[in-house]
Amino acid sequence: MKYLFLAVIFLFNLSSSIAQNNPYGASDAQDQPTLKAILPFPIGVAVGIRHFRNNPVYRNLVKEQFNSITAENVMKFKALHPSEHTFTFKSADEIVAFAQENNMRVHGHTLIWSKVNPPWVKEFKGDKTAWKNLLKNHIQTIVKHFKGKVRSWDVVNEAYNDGGKLKESIWLEKIGPEYIELAFRYAHEADPDALLFYNDYGHEYLGKRIYAIINMAKDFKKRGVPIHGLGMQMHIPLRLEDTKIRRSIEMAASTGLLVHLSEVEISVKHQMPKVFRMDDQLARQQADKYKALFKAYSSIPKSQQFGITTWNLGDADSFRNSKGPNHDHPMMFDRQYRPKPAFKAVIEAWKSNKGQ
Ligand code: 9MR
(Lines give C-alpha, C1' and ligand atoms only; values in the text may rest on other atoms or scores of the structure.)
Protein backbone atom coordinates (compact mmCIF):
# COMPACT_ATOMS: atom_id res chain seq x y z
CA MET A 1 0.00 0.00 0.00
CA LYS A 2 2.80 2.33 1.02
CA TYR A 3 4.53 1.64 -2.35
CA LEU A 4 1.35 2.22 -4.28
CA PHE A 5 0.98 5.57 -2.56
CA LEU A 6 4.59 6.49 -3.38
CA ALA A 7 4.09 5.44 -6.98
CA VAL A 8 1.03 7.68 -7.30
CA ILE A 9 2.94 10.62 -5.81
CA PHE A 10 5.82 9.95 -8.24
CA LEU A 11 3.53 9.86 -11.28
CA PHE A 12 1.79 13.03 -10.16
CA ASN A 13 5.10 14.87 -9.81
CA LEU A 14 6.31 13.57 -13.15
CA SER A 15 3.23 14.73 -14.99
CA SER A 16 3.26 18.18 -13.39
CA SER A 17 6.93 18.60 -14.25
CA ILE A 18 6.17 17.62 -17.87
CA ALA A 19 3.33 20.14 -17.86
CA GLN A 20 5.70 22.81 -16.60
CA ASN A 21 8.29 22.00 -19.23
CA ASN A 22 5.84 22.08 -22.03
CA PRO A 23 4.92 25.53 -23.20
CA TYR A 24 1.34 24.47 -23.88
CA GLY A 25 0.69 22.57 -20.65
CA ALA A 26 0.27 18.80 -20.60
CA SER A 27 -3.22 18.37 -21.96
CA ASP A 28 -2.76 19.53 -25.55
CA ALA A 29 1.00 19.05 -25.81
CA GLN A 30 1.01 16.36 -28.47
CA ASP A 31 -1.19 18.15 -30.97
CA GLN A 32 0.58 21.47 -30.86
CA PRO A 33 3.06 22.46 -33.51
CA THR A 34 6.53 23.61 -32.50
CA LEU A 35 8.59 26.37 -34.10
CA LYS A 36 10.94 23.87 -35.69
CA ALA A 37 8.10 21.76 -37.06
CA ILE A 38 6.11 24.60 -38.52
CA LEU A 39 8.62 27.10 -39.86
CA PRO A 40 9.88 26.55 -43.41
CA PHE A 41 13.44 27.66 -42.48
CA PRO A 42 15.80 26.64 -39.66
CA ILE A 43 15.04 28.22 -36.31
CA GLY A 44 17.86 28.71 -33.82
CA VAL A 45 18.51 29.89 -30.30
CA ALA A 46 21.56 31.38 -28.56
CA VAL A 47 22.19 29.49 -25.36
CA GLY A 48 23.93 30.66 -22.22
CA ILE A 49 26.05 27.90 -20.73
CA ARG A 50 24.82 28.40 -17.13
CA HIS A 51 21.14 27.97 -17.99
CA PHE A 52 21.99 25.21 -20.43
CA ARG A 53 23.83 23.25 -17.73
CA ASN A 54 21.59 23.90 -14.77
CA ASN A 55 18.01 24.28 -15.91
CA PRO A 56 16.25 21.20 -17.34
CA VAL A 57 13.19 23.26 -18.30
CA TYR A 58 15.45 25.48 -20.41
CA ARG A 59 17.22 22.52 -22.03
CA ASN A 60 13.97 20.76 -22.85
CA LEU A 61 12.49 23.84 -24.43
CA VAL A 62 15.62 24.33 -26.55
CA LYS A 63 15.41 20.84 -28.00
CA GLU A 64 11.63 20.86 -28.30
CA GLN A 65 11.36 24.10 -30.28
CA PHE A 66 14.64 24.70 -32.14
CA ASN A 67 16.74 22.94 -34.77
CA SER A 68 19.75 25.24 -34.75
CA ILE A 69 21.92 26.45 -31.88
CA THR A 70 24.46 29.21 -31.27
CA ALA A 71 26.62 29.50 -28.16
CA GLU A 72 25.95 32.89 -26.59
CA ASN A 73 29.48 33.27 -25.24
CA VAL A 74 31.52 30.08 -25.04
CA MET A 75 32.83 30.16 -28.62
CA LYS A 76 34.19 33.70 -28.31
CA PHE A 77 37.93 34.40 -28.38
CA LYS A 78 38.38 34.74 -24.62
CA ALA A 79 36.49 31.52 -23.93
CA LEU A 80 38.22 29.32 -26.51
CA HIS A 81 41.73 30.78 -26.51
CA PRO A 82 42.39 32.24 -23.05
CA SER A 83 46.18 32.27 -23.29
CA GLU A 84 48.57 32.20 -26.22
CA HIS A 85 49.23 28.47 -26.17
CA THR A 86 45.97 27.23 -24.60
CA PHE A 87 42.66 26.41 -26.24
CA THR A 88 39.73 25.41 -24.00
CA PHE A 89 36.94 23.61 -25.82
CA LYS A 90 35.09 21.95 -22.94
CA SER A 91 32.01 24.19 -22.70
CA ALA A 92 31.67 24.62 -26.44
CA ASP A 93 32.02 20.85 -26.94
CA GLU A 94 29.17 20.31 -24.48
CA ILE A 95 26.87 22.44 -26.61
CA VAL A 96 28.01 20.73 -29.80
CA ALA A 97 27.40 17.27 -28.29
CA PHE A 98 23.90 18.31 -27.20
CA ALA A 99 23.22 19.60 -30.71
CA GLN A 100 24.36 16.34 -32.25
CA GLU A 101 22.20 14.26 -29.89
CA ASN A 102 19.20 16.36 -30.80
CA ASN A 103 19.75 16.78 -34.55
CA MET A 104 20.42 20.47 -34.30
CA ARG A 105 22.67 22.51 -36.55
CA VAL A 106 25.47 24.45 -34.82
CA HIS A 107 26.28 28.01 -35.86
CA GLY A 108 29.66 29.20 -34.51
CA HIS A 109 29.86 32.69 -32.98
CA THR A 110 32.36 34.35 -33.38
CA LEU A 111 35.90 33.91 -34.64
CA ILE A 112 37.00 37.56 -34.72
CA TRP A 113 35.60 40.61 -32.97
CA SER A 114 37.02 43.85 -31.60
CA LYS A 115 35.55 42.86 -28.21
CA VAL A 116 36.01 39.93 -25.82
CA ASN A 117 39.68 39.51 -26.63
CA PRO A 118 41.74 38.14 -23.72
CA PRO A 119 44.50 40.25 -22.13
CA TRP A 120 47.26 38.27 -23.84
CA VAL A 121 46.07 39.46 -27.25
CA LYS A 122 46.08 43.07 -26.13
CA GLU A 123 49.61 42.62 -24.79
CA PHE A 124 50.93 40.66 -27.76
CA LYS A 125 54.01 42.21 -29.40
CA GLY A 126 54.97 41.53 -32.97
CA ASP A 127 55.10 42.91 -36.49
CA LYS A 128 52.31 42.61 -39.04
CA THR A 129 53.40 39.11 -40.04
CA ALA A 130 53.31 37.95 -36.42
CA TRP A 131 49.80 39.37 -36.02
CA LYS A 132 48.63 37.65 -39.19
CA ASN A 133 50.04 34.40 -37.85
CA LEU A 134 48.21 34.92 -34.57
CA LEU A 135 44.95 35.52 -36.46
CA LYS A 136 45.52 32.48 -38.66
CA ASN A 137 46.45 30.17 -35.82
CA HIS A 138 43.46 31.26 -33.74
CA ILE A 139 40.97 30.82 -36.56
CA GLN A 140 42.37 27.61 -37.98
CA THR A 141 42.81 25.80 -34.66
CA ILE A 142 39.17 26.49 -33.77
CA VAL A 143 37.65 25.82 -37.18
CA LYS A 144 39.59 22.55 -37.49
CA HIS A 145 38.54 21.46 -34.01
CA PHE A 146 34.88 21.84 -34.95
CA LYS A 147 35.19 20.68 -38.58
CA GLY A 148 32.19 18.60 -39.57
CA LYS A 149 30.33 19.61 -36.41
CA VAL A 150 29.91 23.35 -36.77
CA ARG A 151 28.10 24.04 -40.04
CA SER A 152 28.70 27.78 -40.20
CA TRP A 153 30.70 30.57 -38.58
CA ASP A 154 30.37 34.24 -37.86
CA VAL A 155 33.91 34.87 -39.07
CA VAL A 156 34.00 38.56 -38.26
CA ASN A 157 31.53 40.31 -35.97
CA GLU A 158 30.59 43.98 -35.87
CA ALA A 159 33.46 45.49 -37.84
CA TYR A 160 31.62 48.61 -39.08
CA ASN A 161 30.44 51.67 -37.19
CA ASP A 162 27.30 53.75 -37.78
CA GLY A 163 29.19 55.92 -40.23
CA GLY A 164 30.03 52.92 -42.42
CA LYS A 165 33.73 53.05 -41.52
CA LEU A 166 35.74 50.23 -39.96
CA LYS A 167 35.49 50.32 -36.17
CA GLU A 168 38.52 50.71 -33.98
CA SER A 169 39.83 47.24 -33.30
CA ILE A 170 43.12 45.62 -32.42
CA TRP A 171 42.91 43.72 -35.71
CA LEU A 172 42.50 46.87 -37.75
CA GLU A 173 45.30 48.53 -35.84
CA LYS A 174 47.81 45.69 -36.16
CA ILE A 175 46.91 44.17 -39.54
CA GLY A 176 44.95 46.83 -41.39
CA PRO A 177 41.57 46.66 -43.20
CA GLU A 178 42.53 43.39 -44.89
CA TYR A 179 42.10 41.57 -41.54
CA ILE A 180 38.49 40.87 -42.54
CA GLU A 181 39.21 39.12 -45.80
CA LEU A 182 42.20 37.32 -44.29
CA ALA A 183 39.91 35.94 -41.57
CA PHE A 184 37.55 34.57 -44.22
CA ARG A 185 40.39 33.04 -46.24
CA TYR A 186 41.94 31.39 -43.16
CA ALA A 187 38.59 29.97 -42.05
CA HIS A 188 37.86 28.60 -45.51
CA GLU A 189 41.27 26.96 -45.72
CA ALA A 190 40.63 25.19 -42.41
CA ASP A 191 37.17 23.89 -43.35
CA PRO A 192 36.14 24.37 -46.99
CA ASP A 193 32.66 23.02 -46.20
CA ALA A 194 31.82 25.54 -43.49
CA LEU A 195 29.51 28.41 -44.43
CA LEU A 196 31.12 31.72 -43.60
CA PHE A 197 29.18 34.78 -42.44
CA TYR A 198 29.88 38.41 -41.78
CA ASN A 199 27.71 39.35 -38.77
CA ASP A 200 26.65 42.84 -37.68
CA TYR A 201 23.78 44.88 -36.23
CA GLY A 202 21.79 47.97 -37.17
CA HIS A 203 21.17 47.19 -40.86
CA GLU A 204 17.50 47.97 -40.22
CA TYR A 205 18.22 51.67 -39.69
CA LEU A 206 19.23 51.83 -43.35
CA GLY A 207 22.18 54.08 -42.51
CA LYS A 208 25.74 54.01 -43.81
CA ARG A 209 26.56 50.69 -42.13
CA ILE A 210 24.32 48.51 -44.30
CA TYR A 211 25.70 50.10 -47.47
CA ALA A 212 29.27 49.51 -46.31
CA ILE A 213 28.48 45.87 -45.54
CA ILE A 214 26.81 45.29 -48.88
CA ASN A 215 29.71 46.89 -50.73
CA MET A 216 32.13 44.68 -48.83
CA ALA A 217 30.09 41.57 -49.65
CA LYS A 218 29.93 42.43 -53.34
CA ASP A 219 33.64 43.19 -53.43
CA PHE A 220 34.43 39.87 -51.69
CA LYS A 221 32.29 37.96 -54.15
CA LYS A 222 33.93 39.71 -57.10
CA ARG A 223 37.43 38.95 -55.84
CA GLY A 224 36.70 35.40 -54.74
CA VAL A 225 37.01 35.97 -50.99
CA PRO A 226 35.06 33.03 -49.52
CA ILE A 227 31.99 34.65 -47.96
CA HIS A 228 28.69 32.77 -48.00
CA GLY A 229 26.31 34.81 -45.90
CA LEU A 230 25.36 37.94 -44.02
CA GLY A 231 24.26 37.78 -40.41
CA MET A 232 21.80 40.51 -39.49
CA GLN A 233 21.54 40.51 -35.72
CA MET A 234 18.16 42.28 -35.46
CA HIS A 235 18.26 43.46 -31.88
CA ILE A 236 15.28 45.65 -32.54
CA PRO A 237 13.01 47.92 -30.54
CA LEU A 238 9.28 47.43 -30.63
CA ARG A 239 8.89 50.80 -32.29
CA LEU A 240 10.95 50.06 -35.39
CA GLU A 241 8.87 50.34 -38.57
CA ASP A 242 8.13 47.11 -40.46
CA THR A 243 9.05 48.83 -43.75
CA LYS A 244 12.63 49.34 -42.52
CA ILE A 245 12.92 45.73 -41.44
CA ARG A 246 11.67 44.51 -44.78
CA ARG A 247 13.86 46.86 -46.81
CA SER A 248 17.03 45.92 -44.93
CA ILE A 249 16.40 42.20 -45.39
CA GLU A 250 15.74 42.70 -49.10
CA MET A 251 18.95 44.72 -49.42
CA ALA A 252 20.98 41.98 -47.75
CA ALA A 253 19.35 39.40 -50.01
CA SER A 254 20.21 41.48 -53.08
CA THR A 255 23.85 40.38 -52.61
CA GLY A 256 22.79 36.84 -53.50
CA LEU A 257 24.34 35.57 -50.24
CA LEU A 258 22.63 33.57 -47.53
CA VAL A 259 20.86 35.73 -44.97
CA HIS A 260 20.79 34.79 -41.29
CA LEU A 261 18.71 36.82 -38.84
CA SER A 262 21.25 35.88 -36.25
CA GLU A 263 20.39 37.51 -32.89
CA VAL A 264 16.70 38.34 -32.97
CA GLU A 265 14.99 39.85 -29.94
CA ILE A 266 12.49 42.68 -29.67
CA SER A 267 12.96 45.10 -26.80
CA VAL A 268 9.77 46.47 -25.31
CA LYS A 269 11.49 48.75 -22.83
CA HIS A 270 13.54 50.64 -25.39
CA GLN A 271 12.40 54.28 -25.66
CA MET A 272 9.89 53.80 -22.83
CA PRO A 273 9.73 55.84 -19.62
CA LYS A 274 12.26 54.62 -17.06
CA VAL A 275 9.58 52.89 -15.02
CA PHE A 276 7.20 50.87 -17.09
CA ARG A 277 5.14 47.72 -16.77
CA MET A 278 4.58 45.11 -19.42
CA ASP A 279 0.90 44.85 -20.35
CA ASP A 280 -1.30 42.93 -22.77
CA GLN A 281 -1.28 45.66 -25.35
CA LEU A 282 2.52 45.77 -25.49
CA ALA A 283 2.61 41.98 -25.64
CA ARG A 284 0.26 42.07 -28.65
CA GLN A 285 2.35 44.74 -30.36
CA GLN A 286 5.43 42.63 -29.78
CA ALA A 287 3.66 39.61 -31.24
CA ASP A 288 2.82 41.64 -34.38
CA LYS A 289 6.44 42.76 -34.67
CA TYR A 290 7.79 39.21 -34.37
CA LYS A 291 5.33 38.08 -37.00
CA ALA A 292 6.23 40.97 -39.33
CA LEU A 293 9.92 40.19 -38.94
CA PHE A 294 9.47 36.48 -39.66
CA LYS A 295 7.20 37.28 -42.64
CA ALA A 296 9.66 39.78 -44.10
CA TYR A 297 12.35 37.14 -43.82
CA SER A 298 10.29 34.46 -45.48
CA SER A 299 9.74 36.66 -48.52
CA ILE A 300 13.38 36.49 -49.67
CA PRO A 301 14.30 33.59 -51.98
CA LYS A 302 14.07 30.28 -50.16
CA SER A 303 17.59 29.31 -51.25
CA GLN A 304 18.96 32.29 -49.28
CA GLN A 305 17.07 31.57 -46.05
CA PHE A 306 19.76 30.30 -43.71
CA GLY A 307 17.40 30.72 -40.78
CA ILE A 308 16.39 32.88 -37.86
CA THR A 309 18.13 32.65 -34.48
CA THR A 310 16.76 34.32 -31.36
CA TRP A 311 19.30 35.81 -28.98
CA ASN A 312 18.49 33.87 -25.84
CA LEU A 313 15.41 31.85 -25.02
CA GLY A 314 13.16 33.45 -22.40
CA ASP A 315 12.88 36.87 -20.82
CA ALA A 316 14.76 35.72 -17.72
CA ASP A 317 17.90 34.58 -19.55
CA SER A 318 17.93 37.46 -22.06
CA PHE A 319 21.16 39.44 -22.06
CA ARG A 320 18.90 42.42 -21.38
CA ASN A 321 17.57 40.92 -18.18
CA SER A 322 18.01 43.05 -15.10
CA LYS A 323 17.06 42.74 -11.47
CA GLY A 324 13.91 44.35 -10.11
CA PRO A 325 10.45 44.77 -11.62
CA ASN A 326 11.48 47.17 -14.37
CA HIS A 327 13.12 44.64 -16.66
CA ASP A 328 12.66 44.18 -20.39
CA HIS A 329 10.57 41.43 -22.05
CA PRO A 330 12.25 40.83 -25.41
CA MET A 331 11.78 37.11 -26.06
CA MET A 332 9.03 34.77 -27.32
CA PHE A 333 9.01 32.91 -23.97
CA ASP A 334 8.41 34.50 -20.59
CA ARG A 335 10.44 34.28 -17.39
CA GLN A 336 8.99 30.84 -16.63
CA TYR A 337 9.57 29.68 -20.24
CA ARG A 338 5.89 29.75 -21.09
CA PRO A 339 5.00 30.89 -24.61
CA LYS A 340 4.10 34.53 -25.00
CA PRO A 341 1.73 36.01 -27.60
CA ALA A 342 4.79 36.43 -29.86
CA PHE A 343 5.34 32.67 -29.97
CA LYS A 344 1.67 32.02 -30.61
CA ALA A 345 1.52 34.67 -33.35
CA VAL A 346 4.40 33.04 -35.24
CA ILE A 347 2.87 29.59 -34.90
CA GLU A 348 -0.58 30.81 -35.97
CA ALA A 349 0.81 32.70 -38.97
CA TRP A 350 2.48 29.60 -40.37
CA LYS A 351 -0.31 27.26 -39.44
CA SER A 352 -2.75 29.24 -41.57
CA ASN A 353 -0.24 29.83 -44.38
CA LYS A 354 0.87 26.23 -44.60
CA GLY A 355 4.51 27.23 -44.35
CA GLN A 356 4.56 29.83 -47.15
O1 9MR B 1 24.70 38.16 -24.84
C2 9MR B 1 26.10 38.31 -24.77
C3 9MR B 1 26.54 38.73 -23.39
O4 9MR B 1 26.25 37.70 -22.45
C5 9MR B 1 28.04 39.03 -23.38
O6 9MR B 1 28.41 39.56 -22.12
C7 9MR B 1 28.39 40.02 -24.48
C8 9MR B 1 29.90 40.22 -24.58
O9 9MR B 1 30.54 39.01 -24.95
O10 9MR B 1 27.92 39.55 -25.73
C11 9MR B 1 26.54 39.36 -25.78
O12 9MR B 1 26.18 38.92 -27.07
C13 9MR B 1 26.42 39.86 -28.11
C14 9MR B 1 26.88 39.07 -29.33
O15 9MR B 1 28.00 38.30 -29.02
C16 9MR B 1 27.17 40.00 -30.49
N17 9MR B 1 26.07 40.88 -30.77
C18 9MR B 1 25.49 41.60 -29.63
C19 9MR B 1 25.14 40.59 -28.53
C20 9MR B 1 24.44 41.30 -27.37
O21 9MR B 1 25.25 42.26 -26.79
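What is the local net charge at Asn215, summed over the other residues whose Cβ is closer than 14 Å to its Cβ (Lys, Arg +1; Asp, Glu -1)?
Around Asn215, the charge tally is +4.
Per q in 0.11, 0.13, 0.16, 0.22 1/Å, what log10 I(q)/I(0) does a Debye calculation on the alpha-carbon atoms of the range 96-225 return?
Evaluating at q = 0.11, 0.13, 0.16, 0.22 Å⁻¹ gives log10 I(q)/I(0) of -0.41, -0.57, -0.85, -1.37.
Around Met234, under 10 Å between beta carbons, what's the net of Lys plus Arg minus Asp minus Glu among the other residues?
That works out to -3.
Kindly provide log₁₀ I(q)/I(0) values, in the same order as q = 0.24 Å⁻¹, from the Debye equation applied to equal alpha-carbon scatterers of the range 104-169.
-1.15
Taking the solvent-accessible surface of protein heavy atoms with a 1.4 Å probe, what is the per residue accessible area of the chain in Å²?
46 Å²
Report P(r) for the chain: all Cα-Cα distances, bin width 10 Å, range 0 to the bin holding the largest distance, values in whole percent.
5, 24, 32, 24, 10, 3, 1, 0
Compute, for the range 103-198, the length of the dipole vector about the Cα centre, with Cβ point charges of +1 (Lys, Arg) and -1 (Asp, Glu) only. Units Debye, rounded to 20.
260 debye
Please name whichever of Ala194, Ile227, Tyr205 sits farthest to the positive end of the charge dipole of the range 185-262, dipole taken about the Cα centre and charges placed at Cβ: Lys and Arg +1, Asp and Glu -1.
Value: Tyr205.
Take every Cα pair under 8 Å in the range 228-280 that's 6+ residues apart, average their separations, divide by the length, and report that relative contact order as a whole percent.
52 percent
Full-extension gain between Ser83 and Phe319, please, as 0.36 nm times their residue separation minus the C-alpha to C-alpha distance.
Computed gain between Ser83 and Phe319 is 82.4 nm.
By how many nm would the segment from Lys165 to Asp127 lengthen if fully extended, with 0.36 nm per residue of separation less the alpha-carbon distance?
Additional length available on full extension: 11.3 nm.
Return the carbon/sulfur percentage of the accessible area of the chain, one whole number, probe 1.4 Å, all protein chains in place.
Answer for the chain: carbon and sulfur cover 53 percent of the accessible area.
Considering only Leu196, Leu166, Leu293, give the residue with the highest GNM mean-square fluctuation for the chain, with springs between Cα atoms whenever their separation is below 10 Å.
Most flexible of the set in this elastic network: Leu166.
What is the Cα radius of gyration of the range 221-356 over 2.2 N^0.38 Å, N being its residue count?
In units of the 2.2 N^0.38 Å rule of thumb, it is 1.12.
Over all directions, average the projected area of the Cα convex hull of the range 293-350 and note it in nm².
Seen from a random direction, the Cα hull of the range 293-350 projects 4.7 nm² on average.
Using amide H atoms built 1.01 Å from N in the peptide plane, name the residues 5+ places from His329, or on other chains, whose amide H lies under 5 Å from its own.
Val268, Lys269
The values are calculated or read from the model by the stated rules, or taken from the named source; none is laboratory data. Fair warning: this is a prediction, and the values are worked out from it, not measured in the lab. Counting neighbours? That spans all protein chains shown, and the Cβs are built from the backbone with ideal geometry, glycine included. Each accessible area value is taken on the protein alone, full model and side chains, heavy atoms only, with ligands, DNA and RNA left out. Shrake-Rupley method; radii C 1.70, N 1.55, O 1.52, S 1.80 Å.
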